[in-house]
1. For a quick check: sort Thr144, Thr124 by the number of other beta carbons within 10 angstrom, fewest at the front.
2. Pull up the DSSP beta bridges for the stretch 33-270 and report the antiparallel fraction as a percent, rounded to 5.
3. So, by mean Cβ neighbours within 10 angstrom, what's the order for 188-201, 57-70 with the highest one leading?
4. What is the stretch 413-484's relative contact order, in percent, from Cα pairs under 8 angstrom and six or more apart in sequence?
5. Give me the extension gain from Glu237 to Arg215: residue separation times 0.36 nm, minus the current Cα-Cα distance, reported in nm with one decimal.
6. From largest to smallest, what semi-axes in whole angstrom does the stretch 33-270 give when each is the square root of 5 times an eigenvalue of its alpha carbon gyration tensor?
7. Multiply the residue separation of Ser78 and Gln281 by 0.36 nm, subtract the distance between their alpha-carbon atoms, and state the gained length in nm to one decimal.
8. At 0.36 nm per residue, minus the direct Cα-Cα distance, what do Arg100 and Ala204 gain on full extension? Give it in nm, one decimal, please.
Amino acid sequence: MALSQAVLWGRSFFLILAFWSLAATMSVAAPYAAMVIDARSGEVLHSRNADTRLHPASLTKMMTLYIAFEAVERGEISLDTVVTISRKAAAEPPSELGLRTGQKIKLRYLIRAAAIKSANDAATAIGEAISGSEAAFARRMNRTARAMGMTRTTFKNAHGLTESGHLSTARDMTTLGRHLFYDYPEYYNLFSRIQTHAGMRTVANTNRRLLSAYRGADGIKTGYTRAAGYNLVASAERGGERIIATVFGGRSTATRNARVAELLDMGFQRAPSRVAVRKPQQPPYLGNGEAPMAVARGPVKRSPLPKARPREEAPVLVADALQDGIADALAEVVASDVAMPATPGAVELAANDEPQPATGASVLAPSADIEVARSSLAAIQPLPRPVQVAAAAPPPNEPTIVTRLSTSGGRHWGISVGQYPNRHEAERVLLTTALTELATLDDALRKVVPRGGAFDANFVGMTQERAALACRRLQARDLACTTFGPS
């Protein structure tokens, strides 16, 4: 009996060892890769297997969202465009928003769901809305990736679910994360939201643990599939320094987040305190067209100079023209032997008061006539200036003389970001908004205007175009904004 129990325990022990071995084999994480850069300069601070082509999982949605932001900014589509959900989009496996075939939903909610919830159905719907089909959208994703310098990335879909040939690298995804931050800063705050309303329901951020636990973290995107493991591109800012860290192949959410936190700490330790910001060059706008033409390289063979700007003739002052032409004009009149008609106040060319011969011939020599005319002209006194002089319109095609220029440069427009119960609150909102939208509000003046017992928070001193652009960008972030012009 004891022997049978020993044999049974021995078999159980070997079965347990075999199970552990099999489980370890099945749970082997995907190949690990990492990259850390100083986002300000693009300098690489750490890398490991950074150019190994791996499954990106939902990091793919970073490119889907980048193209969505581009399409909105270029006017291809609007955030309020109503998208009809296709059968293909509705059938995508989780993670999902729960979209149904034929359902109509605004693009802004699809973007939120893809960025925050990492919803696959929303990502597919975005691609179909912009390019007509997911296949066409994937081609656009690849063109944009090549234009960014993502040389080892190939996209096959808009969501990142495992598909043969759908691969990227830690270096390429870090590059994409940097472009998201610098190319479309007005949308970047979306990635830092812990939760948001996505039209159908409120969704929570898949990266909320790192965002809540790591000081300065504000994005960007998580990803997970069995083939990829746990991936993450994270960005954090401390004291003016911004670090981007990427991890492929984490074993779990907890270990991945811990590793990313270590990499971010390493980045902040290695990055210089002061460094010149060198923003990445934004890729050319390709739309849904073909790939960009190749740029010719090599020495410049010919560099023609621009044509010289045509010179404008210097204006001739009226006084100078009169002074220079008086003698010539008088000489011409006298030489023509034509008598000047007698008019009140006319200049007399003879020294006496006797009438001239009827023929009109001058009795004085031409030179004498000129001298007499000059002496007589000098004796003429100008008529007194009238009390009110009406300004005469300049003849056509004549240059207009501007006596005073406006110093405002047409900056008579402004925007209002709301009305608040006290001045302090209005000033706080103005400061927060200015820091949020530096691109368009950097030169605007903040002004609090008391009105009706409340206080309007306004930005003034803007052109009409700049005010309209600022409002569009603020409204894209769900912030209240209205423009106003000169009253």
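Please treat every number below as a calculation from the coordinates, not as lab data. Note that the structure is a prediction, hence the values are computed from the model and not measured. Counting neighbours? That spans all protein chains shown, and the Cβs are built from the backbone with ideal geometry, glycine included.
1. Ordered by Cβ neighbours within 10 Å, fewest first: Thr144, Thr124.
2. Roughly 100 percent of the beta bridges in the stretch 33-270 run antiparallel, per DSSP.
3. In descending order of packing, they fall as 57-70, 188-201.
4. Relative contact order here is 46 percent.
5. That pair, Glu237 and Arg215, stretches by 7.1 nm at full extension.
6. Computed over the stretch 33-270, the values are 27, 18, 17 Å.
7. The Ser78-Gln281 span can extend by a further 70.6 nm.
8. Residue separation times 0.36 nm, minus the Cα-Cα distance, leaves 35.4 nm.
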